[in-house]
Amino acid sequence: MEPKMTVLFIGKKSRTTRHELLPIYLRVTIDGKRFEVASHLHVKESEWCSPASKVNGKSDNAKETNMALDEIKKRVYDYRDRILIEKRNFTVHTLREKWFGEDRNKRTLLDVFKLSIMDLEKLVTKGLYKKSTLVKYKSIWVFNKMQKILLLCM
């Protein structure tokens with residue numbers, strides 16, 4: 001069952017800029033837990049309509065801001081769909097990971113190379129490659145690892 005989600009935009013009066021502009025924050029509530037992030041959009045306090053979570057008026061600036069808010073809202077729903085397609089639980093934590101890009105694969109080139117060495121070891125035991133090939137691959141991996149360590153020490 002899909003969790004209940006609400007998406008709101010909030011004007012934070014406590015964070016009003018020195019130019020008297022109201023910053024707009026995105027607030028997503030999933031099963032009673034909140035995820036809040038700045039939209040990096042600002043409006044005059046008199047133009048903001050809290051119940052509608054939109055900017056009042058028909059000016060070009062109001063239309064642009066409302067379109068940007070709709071794009072942010074669409075992004076939230078897209079992330080929800082992606083999380084559910086991945087067959088993961090849709091929670092505030094998983095949304096936060098998607099939003100900030102923390103759910104991406106964190107494999108490095110050295111990790112991939114290490115995996116290929118492990119595959120090569122299996123092929124050497126089957127007799128498909130010579131042991132000297134494996135030794136050369138391992139020496140390259142150790143050399144690259146040492147370079148990485150030296151770079152971190154500088």
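Treating only the Cβ of Lys, Arg, Asp and Glu as charged (+1, +1, -1, -1), what charge dipole size does the chain show about its Cα centre? Round to the nearest 20 debye.
Values: 33 positive and 19 negative charges, 167 e Å.
Roughly 800 debye, rounded to the nearest 20.
In the complete set of protein chains, residue-level accessible area for LEU22 is approximately 10 Å², probe 1.4 angstrom.
When shorter helices are ignored and each DSSP H run of at least 4 residues is given -39500 (n - 2.57), the per-residue value for the chain at 222 nm works out to -17000 deg cm²/dmol. Other residues within the sphere of radius under 14 Å centred on the Cβ of LEU69, judged by their own Cβ, net out at +2 (K and R +1, D and E -1).
With the full set of protein chains in place, find how many percent of the accessible area of region 2-48 is carbon and sulfur; take the probe as 1.4 Å.
About 46 percent, which is the carbon plus sulfur part of the accessible surface.
Net charge of the neighbourhood of LEU128, taken over other residues with C-beta under 12 Å away and scored Lys/Arg +1, Asp/Glu -1, is +2. For region 39-56, the Karplus equation 6.51 cos²θ - 1.76 cosθ + 1.60, evaluated at θ = phi - 60°, returns couplings of 8, 6, 10, 9, 9, 6, 4, 6, 8, 7, 10, 4, x, 8, 6, 9, 8, 6 Hz by residue, with Gly and Pro reported as x. Here the ratio of the Cα radius of gyration of the chain to 2.2 N^0.38 Å is 1.70. Extension gain, TYR77 to LYS148, is 21.6 nm, computed as 0.36 nm per intervening residue step minus the present C-alpha separation.
Each residue of region 113-120 was assigned a 3J(HN,Hα) from its phi angle through the Karplus expression (A = 6.51, B = -1.76, C = 1.60, θ = phi - 60°), giving 5, 4, 5, 5, 5, 5, 5, 5 Hz with x at Gly and Pro. Rolling a 1.4 Å probe over the heavy atoms of the protein chains gives region 1-105 an accessible area of 68 Å² per residue.
Between ASP70 and LEU110, full extension at 0.36 nm per residue minus the direct alpha carbon distance yields a gain of 10.3 nm. In the chain, a dipole from Cβ-located charges (positive for Lys and Arg, negative for Asp and Glu) runs towards its positive end, and of HIS93, SER139, LEU69 it is SER139 whose Cα lies farthest in that direction. Taking the C-alpha atoms only, the angle from helix 60-85 to the longest principal axis of the chain is near 40 degrees.
Separation of the alpha carbons by more than 21 angstrom is noted, of LYS122/LYS148; LYS13/LYS54; LYS126/LYS148, for LYS122/LYS148; LYS126/LYS148. Remark: region 138-143, residue by residue, has Karplus-estimated 3J(HN,Hα) of 5, 5, 5, 4, 5, 4 Hz, where x stands for each Gly or Pro and the curve is 6.51 cos²θ - 1.76 cosθ + 1.60 at θ = phi - 60°.
The values are calculated or read from the model by the stated rules, or taken from the named source; none is laboratory data. The structure presented is a predicted model; accordingly, all values stated were derived computationally and were not measured. Cβ sites come from the backbone with ideal geometry, for glycine too, and all protein chains shown count toward neighbours. What goes into the accessible areas is simple: the full protein's heavy atoms, side chains included, and nothing from ligands, DNA or RNA. Shrake-Rupley method; radii C 1.70, N 1.55, O 1.52, S 1.80 Å.
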